[in-house]
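S.K.: I have a structure here, written as structure tokens, and I will follow up with some questions on it.
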Amino acid sequence: MLLVGYTETLLRVKASYGADWGDNGYVNFVRDSIYVAGCNVYKSAFAITMTLRRELEYEFCSGAAVVTYGVCKTSCEEMNTDSETGWTLAVIPSLYHNDQIQTMLETKYPGVKSNDKFNYVWIGIRDPDQDGTYLWVDGYTPVNYYNKTENLGKYGMINKNNGKWDFKNSLTYDARGLCSRPVTCWDVSTAVADGTVTFNQTPLTEGTVGTAVCDEGYTLSGASTFTCAGVSGTSHCQLAAAVTQRSVRQ
């Protein structure tokens, strides 16, 4: 069942029986109804979060040497150049990217190693206060995908053998680490209300220029063009200004 809406007294649910069942395939449950309890609605609910996907490239920090978290982080940031920006400790925004990394690591260093420093690799997820508030080091990617073990700590790692994440508190622990940068920008063509966005090239790589044009009867509030660019430090491939564009009726 899929919860599609609610009020203070009702839950509107889409069932799996087809359009001939209920209200064109939907049912309104009274919140305190025995049927809600019987269907375990409150016990078996999952929230779905959708994230626009970008392609990221990954490289080892410090030439794949075993180093501390801090050394690896600095090494990633030093990879930024005028033409190639956005490098930080590795960001893993989705299962797709997690699988990409695990394949990369297992291809380069196959098999379970006797020393865990060769099984775990630094990545850019953090839990600074160890309270379950997870943050990616780039400062803007939401933690919508999550693959953590039960271990607590401030600094994230990925197990190359199974793709699970772990955490360490130690700033002196040595391991290999990964860096990442976005190589494509978000397609923000749906971010301009009552208008359209076009791009001067595909894929939407660094340097791509987007142009926003309003529908008839609307004027644009904000810049009409924006450029896909990585930002060193806060490090992200963004279509600058596009996500804030709004059109205003004349």
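S.K.: Yes or no: segment 150-158 includes at least one residue that is without any contact (Cβ under 8 Å) to a residue 24 or more places away in the chain and within 14 Å of the chain's Cα centre (by Cα).
M.R.: no
S.K.: Within segment 6-18, identify whether any single residue is in contact with a strand residue (DSSP E or B) (Cβ under 8 Å, 6 or more places away or on another chain), surrounded by fewer than 17 Cβ atoms within 10 Å (Cβ to Cβ), modelled with pLDDT of 90 or more and assigned to a loop (DSSP other than H, G, I, E, B), and answer yes or no.
M.R.: Yes, the conditions are met somewhere in segment 6-18.
S.K.: What are the residues in segment 170-203 that are open to solvent by less than 40 Å² (accessible area, probe 1.4 Å), of a type in the set (A, V, I, L, M) and at pLDDT below 85, if any?
M.R.: 188, 191, 192 - these are the residues of segment 170-203 that are open to solvent by less than 40 Å² (accessible area, probe 1.4 Å), of a type in the set (A, V, I, L, M) and at pLDDT below 85.
S.K.: Still on this structure, I have one more. Being of a type in the set (S, T, N, Q) and open to solvent by 50 Å² or more (accessible area, probe 1.4 Å) is the filter; apply it to segment 135-160 and report the residue that is nearest to residue 86 (Cα to Cα).
M.R.: My answer is 144.
S.K.: Taking the stated definitions as given, is residue 74 over 25 Å from residue 174 (Cα atoms), over 19 Å from the mean Cα position of the chain (by Cα), of a type in the set (Ser, Thr, Tyr) and at pLDDT 85 or above?
M.R.: no
S.K.: Is it fair to say residue 15 is closer than 29 Å to residue 144 by Cα, touching a residue at least 24 places away in the same chain (Cβ under 8 Å) and under 34 Å from the mean Cα position of the chain (by Cα)?
M.R.: Judged against the criteria, residue 15 is not a match.
The values are calculated or read from the model by the stated rules, or taken from the named source; none is laboratory data. Remember, it's a predicted structure, so these values are computed and weren't measured experimentally. Positions of Cβ are backbone-derived with ideal geometry, glycine not excepted, and every protein chain shown enters the neighbour counts. What goes into the accessible areas is simple: the full protein's heavy atoms, side chains included, and nothing from ligands, DNA or RNA. Shrake-Rupley method; radii C 1.70, N 1.55, O 1.52, S 1.80 Å.
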